[in-house]
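The values are calculated or read from the model by the stated rules, or taken from the named source; none is laboratory data. Here the structure is a predicted model, which is why all the values come from computation and not from measurement. Heads up, the Cβs are rebuilt from the backbone with ideal geometry, glycines too, and the neighbour counts pull from every protein chain shown.
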Amino acid sequence: MYPKVLLFICCILYFTYLQAQKANLTKDQMLKGAPHQVTNPLPYFLLWEDAENFIVAKKENSFSSYKKFRINAKTGKEAQVKDDDIKETPTKEVSVKKGDIYFMDADGTEIQLTQTKEEEQNPTLSPDQTKVAYTKENNLFVIDLSTNKQQQITFDGNATILNGYASWVYYEEILGRPSQYKSFWWSPDSKRIAFMRMDESKVPLFPIVSEEGSHGYTENTRYPKVGDPNPEVKIGIVESDGSKTLWADIDAKQDQYFGMPYWKPDASALWIQWMPRSQDTLKIFEMSLENTALKEIYTETQKTWIDLDDQGSRIQFLPDKKHFIYRSDASGWSHIYLHDITGKRKNAITSGNFTIVDLLQVDEKKQWVYFTCRKDNSARYDLYKVKLNGKELQRLTFGEYTHEDIHLSPDGSYFITTYSNTITPDIMALVDNKGKKLLEIGNAKGEKFDQTIIAKTELIRIKSEDGKYDLPFRIIRPLQYDSTKKYPLLINIYGGPNAGTVYDGWDLRMQQQWWASEGIIQVTMDHRGSGHFGKEGMTYLHRNLGYWEMKDWITIVKWLIKNAGVDPEKVCISGFSYGGYMSCYALTYGADVFTHGLAGGSVTDWRLYDTHYTERFMDLPSENPEGYKSSSVFSHVDKYKGLLRIYHGTMDDNVHVQNSLQLVKKLQDKKKHFEFMLYPGGRHGWRNLPAQDLHSTNEITRFIYQYLLNKEMPEGVLK
């Protein structure tokens, strides 16, 4: 017995000795970004040159420059290379500089293609790289690169008729911000262009006012609020020389939406995504190039809503030209299905209670489909493969990690993954297609990692109040955490359907380490509709935004108060956009639990937001009056207590400042105390306004010190 006791004491003493040798991060490291050597910069992947060789860029430390290396997957040998030595297919590029189009040839030669007073937008090379399509003054144009001849191919564009250029609601909610308002698509054979023609004349104008100068100025934006008319949209196919235009045989005056269309790989037809305004039915039509007749390929209806595809992730045609893979969440979880080219479903490729994230590659010869998913743990991403017939499902990634930034070799024999968890810094590795780790390419763990005291991040799950879901959250406890003491809680959230932020990955942020050193518990948390529990969990939010998010978050906060030492008098929630909405909702509807809030760019009543996003989840106000009432922050202003800081950009063209101003008025009418800050010229965020961005950061810091820590800020904390 005695030797065992002695051994135990020695182990404790040795552990205490090791802890004593560790050093805290310094103030400069946490506040000024000074070198800390706790982590290293990770290499980044550039390309696979062929089936065995790939290129990565590495740097020795945070201040050195990147150098490029070729690594052979079969031998593991690496050698530094110069750009000229990389086996990369030469590419041509087009860009816009000061409103004009420039073309760069594969050899690096750059020429100016246009020189006009009007601004050209979204120049796009044809697949054969012989022509450039673009929009100008809401019309489509094409330049032939061999002759430099410019051809206008649509002619009725004006202030309200947009050809190939998207209206605001299509840009923001349907085609997506990466589109940069582009709504035209080359055919694979470079002979035609599919495009959307949008008539905005019936869409109400919303004024966005600038304070600049003596008289200011107003931007009038065509912005449809819930229930308003949407743009009337037609789908056209125009010859690249403008000689002929075909229009899809769908009445533009129907209350409807169109998603991004798909060209068939042989350019023989265009597939069109259509749904009614109710957004509960999706149809895929095939448009012939011979006439305007449409053939229905696929129809899906759900009780709640269907998301429109924005960046071409719903359908993937197979090389045999006889099949396609289709993604759907109709089962309650996002999965992929094999269809023949007529639209008939052959079989499910994946199934079960997990979510497909990305379809990466199809090896038609060997019948393998490679994809990422959230199967083994909804807070982690993994790479899997499965046969096209849905059999032989295999996990290729390994360990209790999340695997992101995965790059498959051209033939699927190897892949590169970057993996981590909350306590393991990122590691980049080469793995074969049987899941065997072959080579560690880079490790973010720095030389001083083991000698530095870091506030650890932990991922915890607790049961929802109804016992149906294990709700996930990430927690960072104070460095000198004492389970007998109470600490202020700072929560960062977003909220909303399929918008989760909790994952099991490495994320070392110096600001978080600073707050941990100051004695704050920091939490990020997700709810049942966040994506962790598939479409099945999201359906709870249908016609009832705000309620279930808040109900689940209250469950988590009550657990933290009871089990993690949270001071119930200092529960602060912070978010922007939808997160701002939830912060406002927390200080009204949830005011018995949440005591402080930071709400930026907030939706405060869903009747003030746009048609497509809001009605997808809430339906029309006339169809769901009680849902709109209960989800509105305004309906719960009487419950407000604690302290809310509201802040907003005056020229926000997404969530209009109207939202915050109407909340301010209602709080004033009720004689409630709150704080309010405007950022002149700020859009939906103000990173392009350095002074305002800095001020916003500093004011949030002041708020935390004043109300959560109840002390003066140390010198040097403000940026």
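None of GLU404, GLU440, GLU458, GLU447 is free of Cβ contacts under 8 Å to residues at least 24 places away in the same chain and under 20 Å from THR39 (Cα atoms) except GLU440. The set of residues from region 413-438 being among the small types (Gly, Ala, Ser), within 24 Å of LYS77 (Cβ to Cβ) and under 27 Å from the mean Cα position of the chain (by Cα) comprises just one member, ALA429. Within region 497-550, the residues that satisfy the criterion of being farther than 19 Å from ILE356 by Cα and of a type in the set (Val, Ile, Thr) are ILE520, ILE521, VAL523, THR524. Of the residues LYS375, LYS322, LYS365, the single one that is among the basic types (Lys, Arg) and surrounded by 14 or more Cβ atoms within 10 Å (Cβ to Cβ) is LYS375. Looking across region 295-314, the residues that are surrounded by fewer than 19 Cβ atoms within 10 Å (Cβ to Cβ), in a strand (DSSP E or B) and of a type outside the set (D, E, K, R) come down to THR299, THR301. Among the residues of region 617-629, is there at least one that is among the hydrophobic types (A, V, I, L, M, F, W, C), outside the structural domain of VAL169 (by TED's automatic domain parsing) and surrounded by fewer than 20 Cβ atoms within 10 Å (Cβ to Cβ)? Yes: region 617-629 contains one or more residues that are among the hydrophobic types (A, V, I, L, M, F, W, C), outside the structural domain of VAL169 (by TED's automatic domain parsing) and surrounded by fewer than 20 Cβ atoms within 10 Å (Cβ to Cβ). Please find, within region 165-191, the residue that is farthest from HIS684 (Cα to Cα) out of those that are surrounded by 22 or more Cβ atoms within 10 Å (Cβ to Cβ) and without any contact (Cβ under 8 Å) to a residue 40 or more places away in the chain. Residue satisfying both the conditions and the ranking: SER183. Residue check: is SER331 of a type in the set (S, T, N, Q) and not assigned by TED's automatic domain parsing to the domain that holds ALA166? Yes: the conditions hold for SER331. Remark: TYR257 falls outside the filter, which requires a residue to be aromatic (Phe, Trp, Tyr) and either assigned by TED's automatic domain parsing to the domain that holds ASP619 or farther than 30 Å from MET618 by Cα (or both).
Checking each residue in region 604-648 for being charged (D, E, K, R), touching a residue at least 12 places away in the same chain (Cβ under 8 Å) and either part of a loop (DSSP other than H, G, I, E, B) or closer than 29 Å to ILE700 by Cβ (or both) picks out ASP605, ARG607, ASP610, ASP619, ASP638, LYS639, LYS641, ARG645. Could you look through region 264-277, keep only residues that are of a type in the set (Gly, Ala, Ser) and surrounded by fewer than 17 Cβ atoms within 10 Å (Cβ to Cβ), and pick out the one that is farthest from SER126 (Cα to Cα)? Among those residues, the one meeting the criterion is SER268. Candidates in region 280-293 are the residues that are touching a residue at least 40 places away in the same chain (Cβ under 8 Å) and surrounded by 20 or more Cβ atoms within 10 Å (Cβ to Cβ); of these, the one that is nearest to LEU338 (Cα to Cα) is ILE284.
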